[in-house]
1. From Thr103, Thr132, which residue is surrounded by 10 or more Cβ atoms within 10 Å (Cβ to Cβ), within 21 Å of Val89 (Cβ to Cβ) and in contact with a helix residue (DSSP H, G or I) (Cβ under 7 Å, 6 or more places away or on another chain)?
2. Considering Glu175, Glu149, Glu170, which residue is within 30 Å of Ser72 (Cα to Cα) and either small (Gly, Ala, Ser) or surrounded by fewer than 20 Cβ atoms within 10 Å (Cβ to Cβ) (or both)?
3. Return yes when Ala158 is in contact with a Ser or Thr (Cβ under 9 Å, 6 or more places away or on another chain) and surrounded by 10 or more Cβ atoms within 10 Å (Cβ to Cβ) and no when it is not.
4. For a quick check of your reading of the model, give me the residue pairs whose first member lies in segment 108-119 and is free of Cβ contacts under 8 Å to residues at least 12 places away in the same chain, whose second is of a type outside the set (Lys, Arg), with beta-carbon atoms closer than 6 Å and at least 6 apart or on different chains.
5. Between Gly180, Gly70, Gly143, which is loosely packed, with under 13 Cβ neighbours inside 10 Å and either within 25 Å of Thr53 (Cα to Cα) or among the hydroxyl-bearing types (Ser, Thr, Tyr) (or both)?
6. Would you say Lys106 is of a type in the set (D, E, K, R) and either farther than 22 Å from Val66 by Cα or not assigned by TED's automatic domain parsing to the domain that holds Ala61 (or both)?
7. Mind telling me which of the residues Lys130, Lys101 ends up being touching a residue at least 60 places away in the same chain (Cβ under 8 Å), out of contact with any Cys (no Cβ under 9 Å at 6 or more places or on another chain), assigned by TED's automatic domain parsing to the domain that holds Ile58 and within 14 Å of Lys63 (Cα to Cα)?
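The values are calculated or read from the model by the stated rules, or taken from the named source; none is laboratory data. The shown structure was predicted, so the numbers you read here are calculated from the model rather than taken from an experiment. Neighbour counts are summed over all protein chains in view; Cβ atoms, including those assigned to glycine, are modelled from backbone coordinates with ideal geometry.
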Amino acid sequence: MFHSLQLSYPIYPSVVNVRVKRKNRCEMQDQTDKDYNVSPTQLDLFSQPTFGTVIRDIKIAMKEAVELSGLSREQVVDAMNELALRHGVRLNNGNAKALTKETLEKWVNPKEESHVPPIKALPIFCAVVKTTAPLNVQARVIGGMLISEDDIKLLRWAKASWKAKRARKEIRKLEEFIDG
């Protein structure tokens with residue numbers, strides 16, 4: 001079964017297409033909304049996240065997203081704190097009032113299994129580094145994927161087109177029956 005999740009960030013205009021490769025490495029490629037394309041890719045059985053590896057895989061996707069964003073870790077922390085403050089989201093579970101570089105370092109380190117980014121911090125992180133890769137990793141565990149607004153429209157059009165084709169076929173059958 002295919003699940004789709006919609007996630008849109010009005011904070012940035014471009015969409016990032018992510019193709020998963022062997023050893024959980026992500027290749028990201030910036031594209032404009034207009035030419036965004038989700039092409040089907042054959043996923044390697046060993047690169048598919050599982051319930052047991054999802055945290056590690058999210059951390060790997062976050063680490064790669066920071067590296068590919070062109071922002072320093074300090075800039076990511078500052079932007080996350082600013083966005084969280086603007087939207088009233090607490091990024092930390094403890095007593096800290098703001099995210100620190102040290103905490104971000106633990107969140108993006110796959111070996112730091114005891115320091116997991118809170119679910120409420122992931123969308124803020126994704127908005128800052130302009131990628132949905134960590135959320136896509138999470139969705140893939142249950143067989144889903146994130147798609148763009150344009151892809152949602154295309155999917156709706158395809159379903160309506162398919163339904164219209166079936167209706168035309170039914171009409172032809174009824175006409176043949178009536179004409180007898």
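1. Thr132
2. Values: Glu175 fails: within 30 Å of Ser72 (Cα to Cα); Glu170 fails: within 30 Å of Ser72 (Cα to Cα).
Of Glu175, Glu149, Glu170, the one residue that is within 30 Å of Ser72 (Cα to Cα) and either small (Gly, Ala, Ser) or surrounded by fewer than 20 Cβ atoms within 10 Å (Cβ to Cβ) (or both) is Glu149.
3. For Ala158, the condition - in contact with a Ser or Thr (Cβ under 9 Å, 6 or more places away or on another chain) and surrounded by 10 or more Cβ atoms within 10 Å (Cβ to Cβ) - is not met.
4. Filtered contacts from segment 108-119: no entries.
5. Going through Gly180, Gly70, Gly143 in turn, the sole match is Gly143.
6. Working: of a type in the set (D, E, K, R): yes; either farther than 22 Å from Val66 by Cα or not assigned by TED's automatic domain parsing to the domain that holds Ala61 (or both): no.
Spelling it out, it is not the case that Lys106 is of a type in the set (D, E, K, R) and either farther than 22 Å from Val66 by Cα or not assigned by TED's automatic domain parsing to the domain that holds Ala61 (or both).
7. Checking each option against the conditions leaves just Lys130.
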